[in-house]
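K.L.:
Got a structure here, written out as structure tokens. Questions coming.
Please treat every number below as a calculation from the coordinates, not as lab data. Computed from a predicted structure; not experimentally measured. Neighbour counts run over all protein chains shown; Cβ positions are idealised from the backbone, glycine included.
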Amino acid sequence: MKETHIVAGSAGFIRPTSARPELGAVMQYMLNLTGRERPKLCLLATAGGDDPAWMRSFYDACSGFNVEACHLN
């Protein structure tokens, strides 16, 4: 049986005001911990609510990484 893990964290997603959104160092570290070529990354946007601009920023930030991104409203 394959072993799986869930890593939960916050403050890893950075939303700069003047630059393109990007995943921060904490999030990149957690993604590397998975050991997977294309890890899954799900946003629970409790701080940003379900604001469409926040969701677009999340997906924009993920576009520079080989991740399977999704979100929960």
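K.L.:
So for each of 21-28, 64-71, 3-10 I average, over its residues, the number of other beta carbons within 10 Å; can you give me the resulting order with the highest mean first?
P.N.:
Highest-to-lowest ranking by the protection proxy: 21-28, 64-71, 3-10.
K.L.:
What is the sum of charges, Lys and Arg at +1 and Asp and Glu at -1, for the other residues whose Cβ falls under 15 Å from the Cβ of residue 31?
P.N.:
Once all neighbours under 15 Å are counted, the net charge is 0.
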